[in-house]
Amino acid sequence: MSHAKSNPQLVLRPQDLLVLLRLALVKPEGDIPSYAALAAELSLTASEVHAAVSRAITAQLALKDSAGRPRARLEPLRLFVQHGARYCFPATRGPQTRGVPTGYAAAPLSDFIRAPAGEPPPVWPDKDGTVRGETLHPLYPTAPQAARRNPALHELLALFDAIRAGSARERALAMQLLDQRWASVEPSLSAS
């Protein structure tokens, strides 16, 4: 009888990127929320946040500072979002529904891109949503609630959705806007 061994290979999960994007909003001198505060804001459990941080550190997308608090490593995270995350967490679409705008339909891209006439905007399905559009399932089911709690996080999630689901033009503009936001967090980060 053969015994199957479990695979010890680490695999990033969608909630890991959700946690990383939230941590990417913290300026170098800024206060990092506790695991409990992150959990409450992201509608996760503290243990889910802790596990997400641990996987992110192993993947070299985060580190712990001298006080043991987690911080996003912006340049590796930027490269991952630009070149890998959309393949790890591909866009999944669905029928028209009521929801929260994302991608080009949400700020900041909505200031630059208009939907083609008759094309429904991408939305995360959400019973409290205010826009009717085509379902673009969020990176993680709690993303709409987290986005309502933190508009800056909503912008990062919408930019990520444009990168994973948008046209070449939308992806390029989303990366430019993401670079601008992260340069304001970490001025030494050079945009590529």
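Every number in this text was worked out from the coordinates using simple rules, so none of it is lab data. All values derive from a computational prediction rather than experimental measurement. Every residue, glycine as well, gets a Cβ built from its backbone with ideal geometry; the counts of neighbours run over all protein chains shown.
Data for the structure
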| item | result |
| --- | --- |
| Assigned charges on the beta-carbon of Lys, Arg, Asp, Glu; region 91-185 dipole about Cα centre (debye) | 120 debye |
| Length-normalised contact order of region 91-185 in % [C-alpha pairs under 8 Å, at least 6 apart] | 31 percent |
| Nearest 10 degrees, 0 to 90: helix 46-58 Cα axis against the chain principal axis | 80 degrees |
| Relative contact order of the chain, pairs being alpha-carbon contacts under 8 Å that are 6 or more residues apart, as % | 22 percent |
| 3J(HN,Hα) from dihedral phi, region 99-108, Karplus parametrisation 6.51/-1.76/1.60, rounded to Hz, x for glycine, proline | x, 9, x, 8, x, 5, 7, 10, 5, x |
| Principal-axis tilt of helix 14-23 within the chain, Cα atoms, nearest 10 degrees | 90 degrees |
| Ranking of His83, His50 by count of other Cβ atoms within 10 Å, fewest first | His83, His50 |
| For region 122-131, Karplus couplings with θ = phi - 60° (6.51, -1.76, 1.60), whole Hz, Gly/Pro x | x, 9, 7, x, 7, 4, 9, x, 10, 10 |
| Stretchable slack from Gln82 to Ala183, in nm (0.36 nm times residue separation minus alpha-carbon distance) | 34.8 nm |
| Order of Ser184, Ser6, Ser54 - criterion: other Cβ atoms within 10 Å of each residue's Cβ, fewest first | Ser6, Ser184, Ser54 |
| Beta bridges by DSSP in the chain, antiparallel share as percent, to the nearest 5 | 85 percent |
| Region 14-87: relative contact order in percent, alpha carbon pairs under 8 Å with at least 6 residues between | 31 percent |
| Binned Cα-Cα distance frequencies in the chain - 5 Å width, integer % | 1, 8, 16, 20, 20, 15, 9, 5, 3, 1, 1, 0, 0 |
| Among Val100, Val19, Val131, residue whose mean-square fluctuation peaks in a GNM of the chain (springs only between Cα atoms under 10 Å) | Val131 |
| Partner lysines for Lys27 [C-alpha distance under 25 Å; skip if fewer than 8 residues away on the same chain] | Lys64 |
| Net dipole in debye of region 14-87 [+1 Lys, Arg Cβ; -1 Asp, Glu Cβ; about Cα centre; nearest 20] | 200 debye |
| Cα lying deepest toward the dipole's positive end in the chain, options His137, Leu23, Cys88, charges on Cβ | Cys88 |
| Cβ-Cβ FRET estimate between Gln176 and Glu119, R0 fixed at 35 Å, reported to 0.05 | 0.95 |
| Approximate spin-label separation Ala46-Thr58, in nm, with each point projected 7 Å along Cα-to-Cβ | 2.2 nm |
| Helix axis angle, 168-185 relative to the chain longest principal axis, alpha carbon, degrees | 50 degrees |
| Dipole in debye (nearest 20) - the chain, about Cα centre, beta carbon charges: Lys, Arg +1; Asp, Glu -1 | 360 debye |
